[in-house]
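The values are calculated or read from the model by the stated rules, or taken from the named source; none is laboratory data. In this text the structure is predicted, and so the values were computed from the model without any measurement. Every residue, glycine as well, gets a Cβ built from its backbone with ideal geometry; the counts of neighbours run over all protein chains shown.
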Amino acid sequence: MGTERGNWNSQLGFVLAAAGSAIGLGNLWKFPYITWHNDGGAFVLVYLLCILMVGLPIMMAEILIGRKTQKSPVGAMIEAVGRRWAWVGGLGVFTGFVILGYYSVIAGWTLRYFATCIGWSFKGFESSESTGDAFNAFAANGGLQLMLCGAFMFVTVYVVRRGIGGGIEKVARWLMPVLFAILVLLLGSALSMDGAREALSFIFMPDFANLPATGVLEALGHAFFTLSLGMGAMITYGSYLSHKQSVVRASAIVVALDTLIALTATTIMFSVIFSSPGMKEQISGSTVGMLFISLPELFYTVVPMGSILAPLFYVLVAFAALTSTISLMEVIVSYFIDQRKMPRAAAAWMCGLGTFILSALCALSFGGVPWLSRFSWVYRGTDGAKEGLFQHLDYLASNWLLPVGGFFITIAVGWFMTRESTEAELVADDNPGWFYFPVWRFIIRYVSPVAVALIIIFVIRGKDFS
Ligand code: PFF
C-alpha cells in the first residue's frame, strides 16, 4: 500500500500544508475572541510565550515522530514507543472526528457569509439582515445548515481523496498565498482606519493587572488548538516528509506563520471594531458574535472599500478553514489507509460520510432541532453548563482530548524514546543542534508535561477553556 501513502513534493509544499492546517478558524474566530475576553496585551504576550515555550517544542516532537516512522498516528506511536501507546494515536483519530464534526459547521457558515456579502456588494447593503436576530434565524435554518456543512465536507473529501502531493499540497500551494495576499490587503485598509491605533495598543500593550488568573492556561490550551497539536495531525503530515527535510526549520516556520496570521487578523478585526463608535460595548458575548454578527455589518458601514474587502474577507476565512478541515480529515483517512489497508479513495468517502453524520447533528444544534440545541450535560463547570451538541463537542475537544493527547505525546517523546533516536531526527548535519537540542529535550521532558498537566487539573476542577 506504499503508493497510497504518497509524499510531499517539496519542503515548501509541506510547510504550506502544515501552516494551512494550523491557520484556520482558531486564528480568525477563536483567537480574537479570547484576546478580547482576556483584555488584550498581557494575554497576547503570555500567548506568545506559550507558543514559543510549549507549542514549538511539541510541534517538533509530533513532526519528528511522523517523519521517523513514516506512519499515521496509531502506527507511529506503536513503532516509536511500543504497542501500549497505540491508544494515543487512536485518541487522535477520534479527536479529529470530533473536531471535524463541529468545525465543518462554522466552516460552512463562511460560504453563506461570502454569498451574502457578494449580494450586498452588488445590490447594496441591507442593514436589517445583519442583526443578531437575522443570524439566529440563519443558524436555526436546519436545511440550509445541512447544505452548507455538507458542501464543505464534500470539498474536503474531494481534496483528501486525491492524496498528498496531488491533492493536499496542491491546494495549499494555491490557497495559502491567496490567503496571505488578502490578509495584507485587509491589513493595509484596517491600519488606515481611525480605530487602528487603539486596536494596536489593546493588542500589543501589556497590562498585567487586566489578565485574569487563568488567562495563562487559556493561552496554553489555545496553543494546542491553533497549532493543530495533541491529536497527531502533525504526526500525520510529518509522516509524508522525507528524511532530507528539516523538522526544526519547518516547525519554526509553521509556528511563526500561524502566530503572525493570528495577530494580523486580530489587528484587522479590532481596528474595524474600534473605528465604529459604541461598537466596543456592543460586541456580542458569544464566540460567533464577532465574526458573524458584528463584522459583516461593519465592513459595509465603516471600512474603506468595504464592499470589495468584505467578500474577500470571508473567502479568506473559508480558505483557512478548508486547509484545516483537510488536515483533520487526513488524520482519520490515513488511519484507515495505514492500519486497515483501505484504498485512499474508499477511505476518504467512507470517513467523509461518517463525519458528515456528526456534522449534520451539530449543524442542527443551533435551533434546527430543539433537542440537539438545548440538551445540557451537567458538569461541575465554573462557567455555566454547556448547551447543545456544538458546545459540548468544542468543550470535549479543547478541554480534554487535545490536552490529554498532547500530554501523552510529550511523555512518549521525552521519556520513552531514547535520546539518540530523537537527536538523530532533530539534529541534521547542517544545523547547530548542539545548542537547541538540549533545550528542546529539557522542555519536552519537564516544562511541557507540567504545563499541560496543569490545564487538565484545572479542567477537572471545573474550568472551561473552550
Ligand atoms: N489549527 C486549526 C485552527 O486553528 O483552526 C484547527 C485544527 C486543525 C485543530 C487541525 C487540530 C487539527 F488537527
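The residues of segment 9-39 that are outside any helix (DSSP H, G or I) and surrounded by fewer than 23 Cβ atoms within 10 Å (Cβ to Cβ), listed by number, are 9, 10, 38, 39.
Let's see how each residue does on (1) under 19 Å from residue 232 (Cβ atoms); (2) not polar (S, T, N, Q):
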residue	(1), (2)
274	no, yes
280	no, yes
294	no, no
299	no, yes
308	no, yes
328	yes, yes
333	yes, yes
337	yes, yes
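The numbered conditions (1) over 15 Å from the mean Cα position of the chain (by Cα); (2) without any contact (Cβ under 8 Å) to a residue 40 or more places away in the chain are all true for residue 238 except (2). Take residue 147 and decide whether it is surrounded by 17 or more Cβ atoms within 10 Å (Cβ to Cβ), of a type outside the set (S, T, N, Q) and on the phi < 0 side of the Ramachandran plot. Criteria not met by residue 147. Scanning segment 295-308 for residues being in contact (Cβ under 8 Å) with a residue 40 or more places away in the chain and surrounded by fewer than 24 Cβ atoms within 10 Å (Cβ to Cβ) gives a total of 9.
Within the set 78, 63, the sole residue that is without any contact (Cβ under 8 Å) to a residue 40 or more places away in the chain and closer than 28 Å to residue 161 by Cβ turns out to be 78. Among the residues in segment 381-389, are any assigned to a helix (DSSP H, G or I), hydrophobic (A, V, I, L, M, F, W, C) and either in contact with a Gly (Cβ under 6 Å, 6 or more places away or on another chain) or modelled with pLDDT of 95 or more (or both)? Checking segment 381-389: not a single residue is assigned to a helix (DSSP H, G or I), hydrophobic (A, V, I, L, M, F, W, C) and either in contact with a Gly (Cβ under 6 Å, 6 or more places away or on another chain) or modelled with pLDDT of 95 or more (or both). Among the residues here, residue 47 does not qualify as in contact with a Phe, Trp or Tyr (Cβ under 7 Å, 6 or more places away or on another chain), part of a helix (DSSP H, G or I) and within 22 Å of residue 400 (Cβ to Cβ).
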